[in-house]
1. Given H placed on each backbone N at 1.01 Å, which residues far from Gly395 in sequence or on other chains put an amide H within less than 5 Å of it?
2. In this model, which of Lys208/Lys266; Lys54/Lys329; Lys54/Lys297; Lys201/Lys329 are farther than 18 Å apart at the alpha-carbon?
3. Return Val94, Val346 ranked ascending by Cβ neighbour count within 10 Å, so the fewest neighbours appear first.
4. In this model, which of Lys384/Lys540; Lys531/Lys610; Lys27/Lys352; Lys349/Lys531 are farther than 27 Å apart at the alpha-carbon?
5. Pull up all non-local amide H partners of Val377: gap of 5 or more, or a different chain, and H-to-H distance under 5 Å with H placed in the peptide plane.
6. Counting other beta carbons within 10 Å of each residue's own, what order do Tyr539, Tyr288 fall into, fewest first?
7. Contour minus end-to-end for Lys297 and Ile257, with contour as 0.36 nm per residue of separation and end-to-end as the Cα-Cα distance?
8. Place the peptides 192-202, 397-407 in order of packing, highest mean first, counting for every residue the other Cβ atoms within 10 Å and averaging per peptide.
Amino acid sequence: MDKSKMSMSKKKTGKTNKKSKIMEIYKYFLPSAFQKFKGYFFVRLGLLVVNSIKPFVQILALPIVVDELLTTQNIAKIMHCILFIIAADFVLSVLSGFFGNMIERYTTKFDNYYKTVMSKRIMELDFQLTEDKQALDQIELARTGMSWYSRGLNGMVEPLFNMVSSIITLVGVVAIIVSSAPWLLVLIMAILIVTGKVNSKHNEIEQKFFAGLAKENRICGYMGWHLTDFKYGKDIRLYAAKDMMVSKWNYHQDIIIENWRQMGIKQLPLSLFMGLLDVVRDFGTYFYLGVLAILGKISIATATQLFTAAGTFYNCMRSLVINYQELCKRANYAYEYVKFMDYPAVMKKGSKHIEDVEHCFELKDVHFSYPGSEVPVLRGVNLKLHPGEHLAVVGLNGAGKTTLIKLLCRLYEPTSGEILLDGVNIAEYDYDEYMELFAPVFQDFKLFAFSMADNLVLGREEDARVKVVENGEAVAAKKLATKLSEVKVEEVIRKVGLSDKIDSLPKGVETVVYKHFDEEGIEPSGGEEQKLAIARALYKDAPVVILDEPTAALDPMAEYEIYRQFEDLVKGKIAIYISHRLSSCQFCDRIAVFSDGIVKEYGTHEELIKVEDGLYAEMFGAQAKYYYG
């Protein structure tokens, strides 16, 4: 294929891509928008009618005023025409303002709705992708692309309605111009073609720079959040990190500003050239119509009408070109949102239901490396968890303990090998059902700025309501579920030793955690936060409890109480207990000692403590010295 054909092929592909993006955008957004916000489209239709009619007020009425001034000078007729122009402009402007105000209100609703949809999608995303750079960049592209870059749904619909309005107006002004000055259309069309190509180049530059800003926007968002988050207040102050944080913020802001500056430099010649084209168009129009008037081809009144019609024609044609290009540009930005919403899953999710039996887990030759890394974290792990068994997982930092939990909870997939639940690969089970099996307390657990009760329940009260609905008595069932939930909250709070603390608070369990949104909220200590996290896991009442360093922030007495009640807390459940405090291992049935990504030792406390030169015995002895030495 020769170069010219290849070039044509690329151009066709580009056009097809633009059109297909626009079609995809409209197919994705319009059905849901029309279903939820029908009124918006009727408001848009009303504004379209107003914008289509408005130019003709002066085009049709102004020549009558001019003709009267130059001929009969009928004052009454002139005043009637002027009053008509003023009244029509006033009514149309009021309607335009009213519809515009309504559109602004709908725009806010759109923004909130699609932000909510995106937030839900982010929360449903495979956890592995939340730590993937490409996925994080796509989230940022979707967020910025759907906001001020594309101006949201209204920003995508607006150009389409503007184009329709321009076409309606064009039909009328073309008829007026063709009847008296047809060559004027040729002049304006020639300038418009050049303007369209220049504006297209202008938009291409903007889109190119937009694509390169995702990473910097994400970094600045991260920096900005940490600069103002009270959680980091102590560290920032005590380590004098303020200047460093601000410096890093300024550094990345400068990169963004420089990006925009470079874009402005590249766009400036094009903007100046488009301004020059406007001057050429105005000069050509006035010159051509002036010559026709001098030669007597048209009257002064007609020339006045043609001046206005020519301006309207140019504005409508330019509006068509600009709005189409704007539509392509905004669709390109908003398409990032659609791409994110359709972001491919990385985990296989089956449909097999989990039977209500005592469960058994088995890891068979499990290997794992984090995505994008060649370093193995787990190497051929074989492990079995029997019903009701309590397993302690110990080892040095980086041995793979927490990674094991992430794989078991299906936050990641094994690189090779398999994990079985009751003899079946966990990937074959329904994902949501599988997640219901686990109540974890991760080392880096998070509490929310909600009430303590909400932090424990996390929406599960509704699940309880569904379970106790009988004979269609939904209202009574809801009250019963709420009561059951309150009793259960009190029970788990007592078990973790938070009763005295909560009883001392005026609002009890309804006290908000942190002061982000409530001045009466509390800032719990690290130990209190950890107890709340454990209580949340107990409230879920799942068959598998996972405690990753659950007592790291507790004082010795609180830790002792947790250990003392450990059997009662996880009675009848599979429990996995990760801890650096090896004294806790004595409460477990088996201990798995991890080292370099493998299970180095496995057995009971009594068995492992007797292993000569054993890693567990060495670690236990080293810790015991601090208590007895």
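1. Phe594
2. Details: Lys208/Lys266 11 Å; Lys54/Lys329 28 Å; Lys54/Lys297 28 Å; Lys201/Lys329 11 Å.
Table pairs above 18 Å Cα-Cα are Lys54/Lys329; Lys54/Lys297.
3. With the sparsest Cβ surroundings first, the list reads Val94, Val346.
4. Table pairs above 27 Å Cα-Cα are Lys531/Lys610; Lys27/Lys352; Lys349/Lys531.
5. Those qualifying (amide H under 5 Å, at least 5 residues apart or on another chain) are Phe368, Ser369, Tyr370.
6. Tyr288, Tyr539
7. Working: separation 40, 0.36 × 40 = 14.40 nm, distance 5.55 nm.
That pair, Lys297 and Ile257, stretches by 8.8 nm at full extension.
8. Final packing ranking: 397-407, 192-202.
Taken together, the values in this text are just the output of simple stated rules run on the coordinates, not laboratory data. Please read these numbers as outputs of a predicted model, since none were measured by experiment. Cβ sites come from the backbone with ideal geometry, for glycine too, and all protein chains shown count toward neighbours.
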